[in-house]
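*Asks:* Have a look at the structure that comes next, please.
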Amino acid sequence: MAAPRQDAEPEAQELELELELQAVIGFNGHIHAGLTCHPDREHLIYPLGCTVITENLNNSQSFLHGHTNNVSCVAVSPSGRYIASGQVTFMGFKADIILWDYEKKELLARLSLHKGKVEKLAFSPNDLYLVSLGGQDDGNKICGSNVLACQSIHISYWFYGTIRVWELDLPNRKIRSTECQTGQLKRVITCIIMADDDSYFYVGTTSGDILKLNTKSKLMSDYGPMKDKFSQGVTALLLLKTGELLVGTGGGIIALFKGSNYRSIRKIQVQGGVTSLTLRGQGHQFFAGTEESQIYRINFAEFKEKCIATCHNEAINDIIFPLLPTLALYHTLGENAMNPKPGDPSLIHILACNASFNVSCLTMLFTGGFQVRVWEIGQNTRKLGGVLKEHISAVSCIKIKKNNLECITASLDGTCIIWDLVRLIRNQMILANTLFQCVCYHPEEFQIITSGTDRNIGWWEVFDGSVIRELEGSVKGSINGMDITSDGTHFVTGGDDHLVKVWDYDTGEVTHVGVGHSGSIRRLKICPGNKYIVSVSADGAILRWKYPHSH
């Protein structure tokens, strides 16, 4: 192995190439109506972070990149020709709406008028107009745009707990509103669905009932159920061609209502509050998305659910490839549980640890909190073999030598310690003015690389702990994860800047950069065989990239 060049620049901007994003595992189930089935009946459209994903039901994916922050709403035009997506941003700053060409997967227009957040988007039935609703901190509450000319018209209103019908005055470029009357009934509205002939519409409420209103008279015609309201509110509505009403609730119930008595004739339970209901075609199938980041397919005839996608709905802290003869399985560690993707939970043994310790790194031999615990794992046994106690803050990363006689631990106390696993004593210590987040052995195992909150990448000698070189690894934010190829020629890093970077080990130059995450990258791994890079982030996303230097 050649010694790293001392005079190498931290990044060679002119040589950086873009990493190819191949697949994404993740779904933001917290966005109301975020899951939509395209009119072609073959694709699902949904947001994840700052990306809009179009996924064929056979699992191939396309990605729409253009937002600078998390996508807050998505709409598909009735013909399927357009997709519109809005985003959140910081208070006082413009929150963009992007209009996409569905077939070409191209950005057609960027509309910037709302501030803070775009709450909701809707296309007109003829595809000619797009209406947007601003968030709580936005002065321009409702905006309309001509989709073809992309010329905005708008009117500002502020309203709480009211239902309004808005009419478009094309000659005068105005939108006029009329408030609906519900008598003594006061409700907080959560969702709305309009009949195809525009004669009436339904709204769901936090009180767990549904109101039906006449579009022309602006009066409530009926509501229900009177008894057995949904305790966690009505969160999604879908009106079928037959007049039947599908209702999703905050308690994870999907119910079918028929007639004006508001009694459910069918009912199923899913995991997490329902935030999206979307028809496939004329309604022989429909899909549901939940707050737990699950996607279900329901056949209407049997009215039975099948979970077709399960994703993390919280930060993912770590990822590992198991020692199995396959490249298609990896395990992820979330805030509350470990989930194999895509496999069987029985493949993982979860080690029970003292509740006073926060397990922040994933390994089958060690568990880390403020202490490092060494476990002896047999066929059906788990035995605590020893405890290494020199760290005075949380252990963030553990790596083991190939012969299993030595390991290195990185800690937020600013130390990396190399341990003798036979005598359970310290061999060497590395000190730096940083909170170490990650460490890797070079495959030849006489050098290590580290990084952390100081944004620097360090090369170190294992023998005496001396530093070989340090380079700036990120312009902003901590570097939280790194991994190295089996031949030691390249390594990858990811962190708070949301970027996946591929580095040449000897020159210290960046060769490729991957843009796709919207949350801080927590960990990343190069798969056995150096074919893929898998990265995980704080927003629960798992991204798979093509490794660029495979032969």
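The values are calculated or read from the model by the stated rules, or taken from the named source; none is laboratory data. Predicted, not measured: the structure shown is a model, and the values here were computed from it. Note that each Cβ is placed from the backbone with ideal geometry, even for glycine, and that neighbours are counted across all protein chains shown. Quick note on the areas: whole protein, heavy atoms, side chains included, nothing else; ligands and nucleic acids left out. Shrake-Rupley method; radii C 1.70, N 1.55, O 1.52, S 1.80 Å.
*Asks:* Any idea which of (1) out of contact with any Leu (no Cβ under 6 Å at 6 or more places or on another chain); (2) farther than 19 Å from H32 by Cα; (3) modelled with pLDDT of 90 or more is the one C180 doesn't satisfy?
*Replies:* Single failed check for C180: (1).
*Asks:* Here is a follow-up. Output the residues belonging to the stretch 250-307 that are open to solvent by 20 Å² or more (accessible area, probe 1.4 Å), outside any loop (DSSP other than H, G, I, E, B) and farther than 24 Å from N28 by Cβ.
*Replies:* If the condition is that a residue be open to solvent by 20 Å² or more (accessible area, probe 1.4 Å), outside any loop (DSSP other than H, G, I, E, B) and farther than 24 Å from N28 by Cβ, then S264, I265, R266, K267, N299, K304 are the ones that fit.
*Asks:* Kindly provide the set of residues from the stretch 466-511 that are in contact with a Cys (Cβ under 8 Å, 6 or more places away or on another chain) and surrounded by fewer than 18 Cβ atoms within 10 Å (Cβ to Cβ), ordered by number.
*Replies:* Across the stretch 466-511, there are no qualifying residues.
*Asks:* From G519, G508, G481, which residue is in contact with a Lys or Arg (Cβ under 8 Å, 6 or more places away or on another chain) and either among the polar types (S, T, N, Q) or part of a loop (DSSP other than H, G, I, E, B) (or both)? If you could, list the steps in order and put the result at the bottom.
*Replies:* Working: G519 fails: in contact with a Lys or Arg (Cβ under 8 Å, 6 or more places away or on another chain); G481 fails: either among the polar types (S, T, N, Q) or part of a loop (DSSP other than H, G, I, E, B) (or both).
Being in contact with a Lys or Arg (Cβ under 8 Å, 6 or more places away or on another chain) and either among the polar types (S, T, N, Q) or part of a loop (DSSP other than H, G, I, E, B) (or both) holds for just one of G519, G508, G481, which is G508.
*Asks:* Looking at the stretch 368-410, which of its residues are among the hydroxyl-bearing types (S, T, Y) and either in a loop (DSSP other than H, G, I, E, B) or not assigned by the TED database to the domain that holds W460 (or both)? First the steps, then the outcome.
*Replies:* First, pick out the residues of the stretch 368-410 that are among the hydroxyl-bearing types (S, T, Y): 381, 393, 396, 409.
T381, S393, listed by residue number.
*Asks:* Looking for something surrounded by fewer than 23 Cβ atoms within 10 Å (Cβ to Cβ) and part of a loop (DSSP other than H, G, I, E, B) - is there at least one such residue anywhere in the stretch 42-54?
*Replies:* Yes - at least one qualifying residue is present in the stretch 42-54.
*Asks:* Output the number of residues of the stretch 391-426 satisfying the condition of being of a type in the set (D, E) and under 23 Å from E445 (Cα atoms). I'd like the intermediate steps shown before the answer.
*Replies:* Applying the first criterion (of a type in the set (D, E)) to the stretch 391-426 yields 406, 413, 420.
With the extra rule that they be under 23 Å from E445 (Cα atoms), the set shrinks to 406, 420.
Within the stretch 391-426, residues that are of a type in the set (D, E) and under 23 Å from E445 (Cα atoms) number 2.
*Asks:* Evaluate the following for A8: is it at pLDDT below 95 and not assigned by the TED database to the domain that holds R110? So that I can check it myself, show each step before the final result.
*Replies:* On the way: at pLDDT below 95: yes; not assigned by the TED database to the domain that holds R110: yes.
Yes, satisfied.
*Asks:* H312 passes all but one of (1) surrounded by 18 or more Cβ atoms within 10 Å (Cβ to Cβ); (2) in a loop (DSSP other than H, G, I, E, B); (3) in contact with a Leu (Cβ under 7 Å, 6 or more places away or on another chain); which number fails?
*Replies:* (3)
*Asks:* Could I ask something else about it? Quick check on my filter: what residues within the stretch 520-534 are open to solvent by less than 10 Å² (accessible area, probe 1.4 Å) and farther than 16 Å from T453 by Cα?
*Replies:* First, the residues of the stretch 520-534 that are open to solvent by less than 10 Å² (accessible area, probe 1.4 Å): 521, 524, 527, 533-534.
L524, C527, I533, V534, listed by residue number.
*Asks:* It is to be established whether one or more residues within the stretch 55-75 are in contact with an Asp or Glu (Cβ under 7 Å, 6 or more places away or on another chain), aliphatic (A, V, I, L, M) and open to solvent by 40 Å² or more (accessible area, probe 1.4 Å).
*Replies:* yes
*Asks:* Restricting to the stretch 535-550, name every residue that is surrounded by fewer than 24 Cβ atoms within 10 Å (Cβ to Cβ) and either under 17 Å from L17 (Cα atoms) or among the β-branched types (V, I, T) (or both).
*Replies:* Across the stretch 535-550, the qualifying residues are I542, R544, W545, K546, Y547, P548, H549, S550.
*Asks:* Take the stretch 76-95 and flag every residue that is without any contact (Cβ under 8 Å) to a residue 60 or more places away in the chain, crowded, with 21+ Cβ neighbours inside 10 Å and closer than 28 Å to R41 by Cα.
*Replies:* V76, I83, A84, S85, G86, Q87
*Asks:* Look through the stretch 187-245, keep the residues that are over 29 Å from the mean Cα position of the chain (by Cα) and among the polar types (S, T, N, Q), and return whichever of them is least open to solvent (accessible area, probe 1.4 Å). Walk me through it before giving the result.
*Replies:* Taking the stretch 187-245 as the starting set, the residues that turn out to be over 29 Å from the mean Cα position of the chain (by Cα) are 187, 194-202, 207, 209-229, 240-245.
Cutting the leftovers down to among the polar types (S, T, N, Q) gives us 199, 207, 214-215, 217, 221, 242.
Details: S199: 48, S207: 50, N214: 59, T215: 24, S217: 61, S221: 73, T242: 106 Å².
Checking each candidate, the answer is T215.
*Asks:* Only residues that are open to solvent by less than 30 Å² (accessible area, probe 1.4 Å), under 31 Å from the mean Cα position of the chain (by Cα) and not hydrophobic (A, V, I, L, M, F, W, C): list them for the stretch 395-451, please.
*Replies:* Within the stretch 395-451, S396, T409, S411, G414, T434, Y441, T450, S451 meet the criteria.
*Asks:* Pick from S217, S231: which is modelled with pLDDT under 90, outside any strand (DSSP E or B) and polar (S, T, N, Q)? Outline the logic, then answer.
*Replies:* Numbers: S217 fails: modelled with pLDDT under 90.
Exactly one residue qualifies, and that residue is S231.
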